[in-house]
1. Please state the charge dipole magnitude for the stretch B:181-270, taken about the Cα centre, from unit charges on C-beta atoms (+1 on K and R, -1 on D and E), reported in debye and rounded to the nearest 20.
2. Compute the length gained on full extension between residue B:638 and residue B:588: take 0.36 nm times their separation in residues and subtract their Cα-Cα distance, giving the result in nm to one decimal.
3. If one takes the longest principal axis of the Cα atoms in chain B, at what angle in degrees, from 0 to 90 and to the nearest 10, does the Cα axis of helix B:2-19 lie?
4. Please report the relative contact order for the stretch A:322-376, taking Cα pairs under 8 Å with a sequence separation of at least 6, and give it as a percent rounded to a whole number.
5. Could you line up A:162, B:1027 from fewest to most neighbouring Cβ atoms inside 10 Å?
6. Can you compute the charge dipole magnitude of the protein assembly as shown about its Cα centre, using +1 on each Lys and Arg Cβ and -1 on each Asp and Glu Cβ, nothing else charged? Give it in debye, rounded to the nearest 20.
7. So, counting K/R as plus one and D/E as minus one, what does the shell of residues with Cβ under 11 Å around residue B:632 add up to?
8. Could you please rank B:292, A:209, A:282, placing first whichever residue has the fewest other Cβ atoms within 10 Å of its Cβ?
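Coordinate-derived values only; no laboratory data. Here the structure is a predicted model, which is why all the values come from computation and not from measurement. Note: ideal-geometry Cβ built from the backbone for every residue, glycine included; neighbour counts use all protein chains shown.
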Amino acid sequence: MFKRIKSYLYLATLILVLGSVGCKKNTFNINDVNPNVPSDVSPKFILSGALVNTASYVRNGNSDYIELYMGYWSVSGDYIPVTQTLTYQTTTDYYSGNWDNGYLILKNFRQMEVLAAPDPNATNYIAIAKIMEAFIWQRLVDQYNDIPYTNALNGGTINFPVYDKAATVYASLINQLDTAITIINNALPTAELPGSYDVMFGNAPNGEMATWIQFANTLKLKIALNLTKSASGTSLIQTALQGLTASTGQTGSFLGASEDAAINPGYSNSSYYQQSPFYNDMGFSTSGAVQNNESYYRACSYIVNFMYNTADTIRLYQMFAPNAQTPSVVLGRPFGSNVSVNQDNQHISAMGPGLLQLPTSSAVILPATESLFMQAEAVFDGYLQGDAGALYQTAVEESFRALQDPNYQADADSFITQSTNPNVNFTNSNNQLQTIILQEWVAVSGVDPLASWNNWRRLGIPTDLPVSQFSGNVATHVPYRLLYPTSEYHYNSTNVAVEGTINNLTSKIFWMP
Amino acid sequence: MRKFVLLFAVLVMCSLLAFSQTKNVSGKVTDAQGQPVPFATVKVKGGKAGVAADADGNFTIKAKQGDVLVISGSGITSVESTITDVSSFIAIKVTQKQSTLNEVVVTALGISRQAKSLGYTTEKISGKDLIVAQPIDITNGLTGKVSGLEINTVNNGLFAPTRVTLRGNRSLIGNNQPLTVVDGAIFYNDISTLNAADIESVNILKGSSASAVYGSDASNGVMVITTKHGSNNKAVLTYSTTTQLEKVAYLPSFQTKFGNNGGEYYVYNYNDLSTYIPFENQSYGPQFNGAMVPYGRPLSDGTLHYIPYSGNPNQKKDFFNTGITEQNNLSYSAGDDKSRFYLSAQDISSKNPMPGDVGRRDVFRFNGSRTYGIFTADFSLSYTYTSKNTTNTGTVYDMILNTPNEEPLSSLKNWQSNPLATLDGYFNDYFYNPYWIAANQRNLTTDNGLQGNLHFVLRPVKWLSLQYRLGVNYSTEKYAYQQGEADYDQHSFTDDTTYFSNSTGTGVVPNTNFGTKWIAVNNGYTQPVYNTSTASNFLLTSDFVASLNTKLTKDFDLNASVGTSYVDNQINYLSVNANNIFFPVYNITSLTGIPTLGQFFGEARKLGFFGDAQLGYKEFAYLHGSYRSDIDSRLSTANRFIPYYDVDASLVLSEVIPALKNGNTWDFLKVNAAYSVTGNATALAAGQPYLAAGAYQTTPTLNSVAGFPFSGLGGYQLTTNVANPNIKPETVTEKEVGIEFGFLKSRLTLHGDYYDQKLTNGIVKASLPSSSGYQTALLNAANTDNHGIELDLKGNIIQSKDWLWKVGINYSYNECKVISINGNLTTLNISAASGTNFKGQSTAANGSSYAVVNQLYPVIEGNDWVRDPNGHVIVNAVTGLPSIGSSLVNLGNATPKDIVGITSSVQWKNFTLTATADYRGGYKTYNNIAQFMAFTGSSSYTAATNRERFVFPNSVIDEGGGKYVTNTNVIVNDANFNLFPGLFNNVASPWVQSAAAWKLREVAVSYNIPMKVFGTQKLVKQAVFTVSGRNLLMLRPKTNQWSDPEFSEDTSNAVGENSINQAPPTRIFGATLSVTF
């Protein structure tokens, strides 16, 4: 018996040896490196990718709901009305891309800082990352109020980040932008310029990093102005804008005339994914077929009537396309309209050539016109030195330019000087702030509706912003915010619960009066 | 290579040893049919110890001429045989007792064991039981026949895929389907590519204890498939031919009262939906009145075609054809005592009820074996060719639903030249003719599969065998999507004249104010589309096993094995989505723009070390254990050599306590228990069973941003998943106890089991809040508890000269509860929501599968109406309409708790009637199709009140302050398109129904044609004619008027949701003639 057991043991050993001898030492290390995708790249690849993602984030559909809220767009009469949209009954999934994609892009900019940190010549990447992060953080606060900030973007270490007070975030963003500007100013002479990988300011005539500083200052202005009606805002605004100068030209601290913050990696019509994002959302496929949103979102009668009433037809016909009727005119549909007769797509205007430009057009994420309107407002409010009227004029000119009017200066000047309408003529206006804000509201239509939503929530302008006419609608004003997304309620439930019950019609952003 | 050389050296050495030993008498125990009877005890009469025959009935014993051999065993009647010549091979025939308790099952690693010795539960289905109703996929032949086994045929398309689970689910995102082992080697090719006629038997190892020796792949049980290797009979040639017809049997319930109006016109005039709009896709128009109304828009020559405005009850059914499947099988089997040989060929050519969907499958198999003294070699080789040409089912079905009921759909087949059916002439302004889609949107798939096995066995001494097995699986798939061009005549762009019918439907009203044909204007000329991909999957397995089988003492038997198992898997994938091409020359060089490219190469390896031993005492008490440890290239070095094991025991109490079997009522009683710890790492591959698909999960990666490169400029982003260097296989701990009774001399047997499987360290791709910067993290975090009972009752109810009636009833109860997912995380999405999402409609409008803590796995979640605390729907006091809640709610569990299977086989003289039925209950399913039909207004649900306003059922009105009063008189402000497409289309809860169903799966009547029919010729040995039917009946609760609750979007864990992607359930009728020569 003993002998037998010994032979079993011998056999077992033999088998183990047999099983192993065929295997070289690295036989089982073949999965340590993924042969399909890189695990490490230099920061410039993250920069180009994250900027293009930012362009899509801002201009490819996430803001469509604000276009509806702000009286720019209406839902087509060709489609079954979606009750939830027309009654502002938003779910936690409603336009949650604003949240989810925002954080994912933030994480990439954060990663760019990490990748750049060891290289003393890569400081410009760190500065750009901080500026772009501030840009996205502000959009998150303006749509969601309190957000995870300090603990955010640490997945793997902190999977369930707690929420920070929106006011704290705002204050921190101003510091972050100052830090970024300091980093640029202190960059080594040998510091690398991202150049062609900087698909926003890589070719800026004013110099790449100088333009980033202008953009950073414009973001500080954007953040500061939102605080004008908040209790403790004034001191923060003053701190933020200290030492900055307004200008209609390119010599001031901010983005000036013709200086759009616009992203273009080389958009083309060669593939669905290479189209300029707004064109991709609201325009046509590479083969020219109509995209869903082109036929679904149409002009809203509120802005169309406003522009007719202010004799703003040049911009109107650039903003919206004349309809398929004879005579062919720009026509809008009231939001939530109960009528379809003569309100179908044969009658109601689609996006016009000034908004829906080309599949190759740059994606503007902060237009020069908005920067100038903000400067005008800041001067008017006394936060900056300068000529509010001149800034206003340049702002309107820039709006005409953005809408592809070849004679934009002359047309804009005659528009604002010949009109007696106080909503147009700044000099004649007895409520100049309202004039600035209303024209800014027109100017950012289809480009940055979040800016005018911010203004409305802050200042109540336009004062007669309509609500949905839909029969089931009980809201008396458009919503104040988005609900936190399902992903937070599902996956960060403990922390989001601290924010309590959110109502999109009554819960306010902290800076709202 | 080095390994093989060494192996052969060992084999040769062992052979030399063997030849130097004393000669023995060898023989074989078979049954009356010549089939081997394994494990019989062979003794020399009057001698001391005997020997046990092996799994193939072979034995060797020391004896001299004139000795009498006594062959005995628990399942056979003892036989004595006198040795006349010690040098000749002795063939001994025995009679097997009529009982299932004595059967031999093939367990893990291909080891045959007696059923009574097992401490865990297995079930054996013989090949001939699989092919009763000639299923194309062998899993269809298993449905309803085994407790604990759930097989879902997830759609009824061509060569429809199945989802197979044993004992429910354990893993949240890993594969829950059993491992498939064919002829001892792990099988990666699609199981449905096996020819059912080639199957000798399928042994189902239900629990993870049974499969524990597979270690980190073992937790879902195993289907051990053995193919025919020929027998030692004379040559047998079998030919069979089957023709099956398949007809659509269960369509959703359609309304046949209302015609075209999509609500865009006069939309808010609730009292006037009386205008018939001829080109509309939705059915919210006036009631049918039999008048002649315009068909679509005027044709290009200006003519207006009229159709009667009346219902057409068979309209949808008539769209589908009668499917035909022709199946031809040929097999040749031969052999003698030393060699065996099996050759087969199968050709299946199938036409699906979906117009244009055709497929072909050819399977060839060549198996054989040869014994040279102590050395046996066997091999199996099979090649499968499958081609499929299918359309986009969901798109076609959607268009069928978008066809109002009075439209003469089935007369519009000729889309090329019938002026009413062409793209221009088709009535529907918004969508294509479904016949056009069926003809112009084609998915072409060609699969080639090769499986080969080489198996050497060396028995140097009678108690020892050394086995080496080399297995190769190689499959390739070539896929292409081809979509024809859509071109419109100029008239469709320019002619805006339409003729509506007035409010009574008796006259026509011309209108030029409604634009031209919508789809022409919006889509314009649409270029052809071409996308293509190729994929290959290569699997190499190399196993070495040394087994011993010996009597330790008079009473103790030992069967033990040790071995190694090596697996190498490679996956290659390459795709080119050209999207648009210039002309319908389907080649990527015709592309019009920048294509989207995809490539993946994955390779992973695993080496397992295992041991397995069974100690038997006096053939009634057995203790068995196994142990395994793996090196898996996908895991970090720290996570190698994780131990997996099983301990199980079986005790035949009726042998221990003889009193138990002397009674007249029962004669057999066995109890068993098992405990095992096994693993599952398929979650690394998002549930795919392939090793290589889960490679590279431990390192973080970046991927290219969509659209890049832009002319030489690259752009990258982080993947949204947190890579985990410490990930390891999830652990399943199973406890199992069973009891088995035999009554009336084992004419009736009852087997009951209870099992509990606890999953710990379950791998989840845990969703993270995006605020963490990621969306998922691969973690060992989840815990589930899966438990249930299984009962199998089998009996020969009638057993007489002319009659044999066998009945089997099996029952399974299963519950898998999610204990935790990851810390505080309470939900995990298992699937993307199915169906389409319209602008402004959130994804939550569709039901979707989730894992939810403290709930059964998985559950369906979706939006529900806003309800009061008592569950009544709160409606608006003015509009009478409910509103939709903002968050997802649990709408029910999606896997059956109760499954009953019934099989019956009645034999009377030459006739045999067999039937299989099953019931599944205690679960829900989400019918996305109902939402589509609410959109189109084609379901009878949308016309239940004749489109008259009604009080919303079980509704209350919120009076504020937490007070709700029953709504008795506030009727909904519209029971038409504002209600259904506007509101019901956006909520999931009304479309979640009980999924309970009884199904008559198979019925077959076969007639064994008497030989006298063939006269005196000796050529034909047997001829059988069979008429069969599959899926003949489905009994569902009235609420489920939509589809087959067994359907789901794919074979993943996301069960419980079906949609337009599954065509209506069908019935299959067939006839088979099988002749044996």
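1. For this selection, approximately 300 debye.
2. 13.4 nm
3. 30 degrees
4. 32 percent
5. Listing A:162, B:1027 from fewest to most nearby Cβ atoms yields B:1027, A:162.
6. 7640 debye
7. +3
8. So the ranking, lowest neighbour count to highest, is B:292, A:209, A:282.
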